[in-house]
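Values in this text are rule-based calculations from the coordinates and carry no lab data. Because the structure is predicted, anything quoted here is derived from the model rather than measured. When we count neighbours, we look across all protein chains shown, and the Cβ atoms used for this are built from the backbone with ideal geometry, even at glycine.
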Amino acid sequence: MPLIDKHGRPITDLRISITDRCNYKCVYCRTGTDGPAYAELAFVEYLRMASIFVDLGITKIRLTGGEPLLRSGLTNFVRDLSALRTVEGTPPDIALTTNGHLLEDLAQPLKDAGLRRVTVSLDAADPDLFARITRVPNAFEKVVAGIRAARRAGLDPVKVNCVLLRGFNENQIVPLAKFARQEGVILRFIEFMPLEEDRAWSPEKVVPLKEIVDTLNAYHPIAEIPHARSETARRYRFLDDQGNEQGKAGLGEIGIIAPVSMPFCGQCSRVRLTSDGKIRTCLFSIWDHDLHEQIHRGATDAQCKAFIQEVISKKEARHHIGEPDFVPASRTMVHIGG
Ligand code: SAM
């Protein structure tokens, strides 16, 4: 039985946070003083959970955190995940979200182990501003080296994510677009969501999709690429892009993920597993569901599947960002897994 929630959405995309530790303290995500808050499980436990989810129709697995590259043994875990088989009999599509700081040395081993795609966070093309955002010196050079290593290793696509904050890094839209054109990566701007540790979000801090499009057009004309309904990002290409020899955008591609100004909850296909083995059905959930406890108490795979199906059936219809009845999520982004 595939996983379908009560709103009729098929759930095919599992995000597993393997730690809530992070070696960056990005100002829009963390306070800078709070550390990890939740336990980490052994990889063998995530593997069992992933295998149960895959049996229920999950086809994509994204590893995240915290910073997933901080966990030793990740390469072996990716190898084990890629040995799973989806209901169609193919290996799951395995992706990783990382800050890229440790990616330079790990990109090739991860690719060899079965990782297909990587998304690297990079919130500025200016090294000084990037150090102020991450609160880590010389981080920019490390991340760029990681992005280049990922491309050399053949991870495809390599995406670069930038969260924009009003008055802080919206002046990076054009420099990052230039970076995407030079490096041939897919750049995605993400609207800031109320998921930060120090609860500093306000609607005024969000740089909305329309403003990003207008800024990009003033720099270099772009055109929207028709996209599948299930895609979370609006996609754009530069008009002077003739494509590369594989027929893909050669001068980079721009995506805009606009959960605040243009929510896409109706197409959501995601479920999340936190580092301590709790299921979250929405980033903005106000409770989570303890799959690890079920396993700890000796639940069989069949019992875990019934538990997961019951949890998924109650997936929230949508988030309520910016509405008077908005209730903050019970965990912040770094402790959920983005
Ligand atoms: N450490 C990894 C990284 O930096 O990509 C993975 C975890 S991080 C929490 C995942 C993504 O969430 C990053 O791209 C980060 O920029 C984004 N993020 C964190 N807080 C956010 C917020 N309040 N709104 C939107 N995106 C956020």
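Spin-label model, Asp112 to Ser330: label points 7 Å out along the Cα-to-beta-carbon direction sit 4.2 nm apart.
Remark on the chain: Cys22, Cys162, Cys265, Cys268, Cys282, Cys304 stand apart, with no other cysteine beta carbon under 4.7 Å.
Within the stretch 196-221, whose backbone N sits under 14 Å from a point 7 Å along Cα→Cβ of Asp34? Answer for the stretch 196-221: 196-201. Here's the list of lysines a cross-link from Lys315 could span, going by alpha-carbon distance under 30 Å and ignoring same-chain residues fewer than 8 apart: Lys6, Lys60, Lys159, Lys205, Lys210, Lys278, Lys305.
When only C-alpha pairs under 8 Å and at least 6 residues apart count, what is the relative contact order of the stretch 252-338, in percent?
Relative contact order for the stretch 252-338 comes out at 34 percent.
Estimate the FRET efficiency between Asp240 and Asp128 by the formula 1/(1 + (r/R0)^6), using the beta-carbon distance for r and 45 Å for R0, to the nearest 0.05.
Working: r = 30 Å, r/R0 = 0.67.
Once the sixth-power term is evaluated, E becomes 0.90.
Note on Arg199/Glu231: beta-carbon distance plugged into 1/(1 + (r/R0)^6) with R0 of 30 Å gives a FRET efficiency of 0.50.
Under conditions of 37 °C and 0.692 mPa s, the stretch 1-90 yields 224 µm² s⁻¹ as its translational diffusion coefficient, taking Rh as the Kirkwood radius over Cα pairs in the Stokes-Einstein equation. Here r is the Cβ-Cβ distance between Cys265 and Lys210 and R0 is 22 Å; the resulting FRET efficiency, rounded to 0.05, is 0.65. List the trypsin sites (Lys or Arg not before Pro) in the stretch 9-95 that DSSP assigns to loop (not H, G, I, E or B) and whose Cβ has at most 13 other Cβ atoms within 10 Å. Which are they? Passing both the DSSP loop test and the Cβ count: Arg85.
In plain terms, the residue of Ser51, Ser17 with the fewest other Cβ atoms within 10 Å comes first and the most crowded comes last, giving Ser51, Ser17. The modelled label-to-label distance between Asn23 and Ile4, using points 7 Å beyond Cα along the C-beta direction, is 4.5 nm.
For the stretch 16-29, putting each phi into the Karplus relation 6.51 cos²θ - 1.76 cosθ + 1.60 with θ = phi - 60° gives couplings of 10, 8, 9, 6, 10, 6, 9, 8, 10, 10, 4, 5, 8, 10 Hz, in residue order, rounded to whole numbers and with x for Gly and Pro. I'd like the antiparallel share, as a percent to the nearest 5, of DSSP beta bridges with both residues in the chain. Taking every DSSP beta bridge with both residues in the chain, the antiparallel ones total about 30 percent. Over the stretch 68-215, the Kirkwood radius and the radius of gyration, each from Cα atoms, give a ratio Rg/Rh of 1.01. Global size of the chain: 19.2, 59 Å for Rg and Dmax (C-alpha atoms, Rg to one decimal, Dmax whole). Taking GluC sites (Glu not before Pro) in DSSP loop states with no more than 12 other Cβ atoms inside 10 Å as exposed sites, the chain has its longest site-free stretch at 89-244. Ordered by the count of other Cβ atoms within 10 Å of each Cβ, fewest first, Met193, Met262 give Met262, Met193. Counting every other Cβ atom within 10 Å of each residue's Cβ, Phe264, Phe53, Phe168 order from fewest to most as Phe264, Phe168, Phe53.
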